[in-house]
Every structure is written in structure tokens, then in C-alpha cells.
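Take a look at the structure below.
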Amino acid sequence: MSTDRIEKKVVLEAPVERVWRAVSDSAAFGKWFGVAFDGPFVAREKLTGHIVPTIVDAEVAAMQKPYEGKPFEFVVEGIEPMSRISFRWHPFAIEPGVDYSHEPMTLIVFALEEARPADLRGACRARGRLRHRGSRAGGTECVQARRLQGLRADDQLLVLRRS
């Protein structure tokens, strides 16, 4: 079993265009995942923001509330319109006074494709993947634990089904 990634695949009852807007527009993405970004997603650029409770899931919003206002940093790795967007981040990097910049960032990839008719007509197959590349002695377990915690807390892709 690979320890450098966490993969999820889901078929959403939504057109690819709608899912693409939700994951590629920083304001829409922020509403889903609970981040107010300071600008748009631009390939190969760093983007900052702060944590805000999501507006689409009361349970997740309650988990995010204690961290409201904490800084958030993304590096937009790549954008392939209507099919793929990738980011890097430090999951659950919320401890005051801790410098996370020396740790490897976790890769997040949203890959979209039309669902096959057998899956669900008119739906979108979305593959979200969190991947961690690189490690350093003594720090990998901590990064892995935060990555898993972040995945559980930010499991918003499935919420698209309900909207």
C-alpha cells in the first residue's frame, strides 16, 4: 500500500461544467471547503487566504469554526480547463507559532471526466487525489497524521451531490 497518497473517486450527479466551477473558481471552492482566498486560482502561483466555516455542511462548519481566521496557503500547481486542477498545501497546518514551510506539501488533484452511461447518465466522474511527495526523517508521521485529519475534515466533494 502506498503511503504517499490518499485517493477518492466519486460519481457526482452534476454536469462536468458545474463541478469544474466548484473546484476551479477560488470563491466557489472556498465556499465548499471553508476558505476565503485573497484572489483567483492562477497556475504556478501561491495563493493565501484564511479559514472560514463552509456554507454547505453544518457539521463540517462546526469543526472549522474554532480555526476561523487562521491563515491558509495554497500553491496552484496546474490548471487544465474542464478536466484537471492541482494544488499543494500543508494539511491542518493550524498550530500557532509552528513553521510548516520546511515540510513537504501535499498534492491535491481534482480530475474530472464525463461519467459513462453505465455509471449515471449526465453525471460527472470526479477523482480527487491527495498525494504527498517527499519526506524527511522524523517528520513523515506528523505530516501523514495531519494529511489524514485534513482529508476527514475537508471531505466536501461529496457535498456537491446534495446541491
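The values are calculated or read from the model by the stated rules, or taken from the named source; none is laboratory data. Please read these numbers as outputs of a predicted model, since none were measured by experiment. No Cβ is skipped: glycine too gets one built from the backbone with ideal geometry, and neighbour counts run over all protein chains shown.
Scan the range 56-87 residue by residue and report those that are among the charged types (D, E, K, R) and under 15 Å from G30 (Cα atoms).
D57, K65, E68, K70, E73
State the number of residues belonging to the range 74-98 that are at pLDDT 90 or above and acidic (D, E).
Number satisfying all stated conditions: 2.
Hand me the list of strands (runs of 3 or more DSSP E) wholly inside the range 53-116 holding 1 or more residues that are among the charged types (D, E, K, R) and either under 16 Å from V42 (Cα atoms) or touching a Pro at 6+ places or on another chain (Cβ under 8 Å) (or both).
Strands (runs of 3 or more DSSP E) meeting the threshold: 71-80, 84-89.
Of all residues in the range 21-48, how many are crowded, with 16+ Cβ neighbours inside 10 Å and either over 14 Å from the mean Cα position of the chain (by Cα) or of a type in the set (K, R) (or both)?
Total meeting the criteria: 1.
Can you pull out the residues in the range 33-45 that are farther than 16 Å from P91 by Cβ and touching a residue at least 24 places away in the same chain (Cβ under 8 Å)?
F37, F41, V42, A43, R44, E45
Residues K46, K31, K9: which one is part of a strand (DSSP E or B) and within 30 Å of A115 (Cα to Cα)?
Result: K9 is the single residue among K46, K31, K9 that is part of a strand (DSSP E or B) and within 30 Å of A115 (Cα to Cα).
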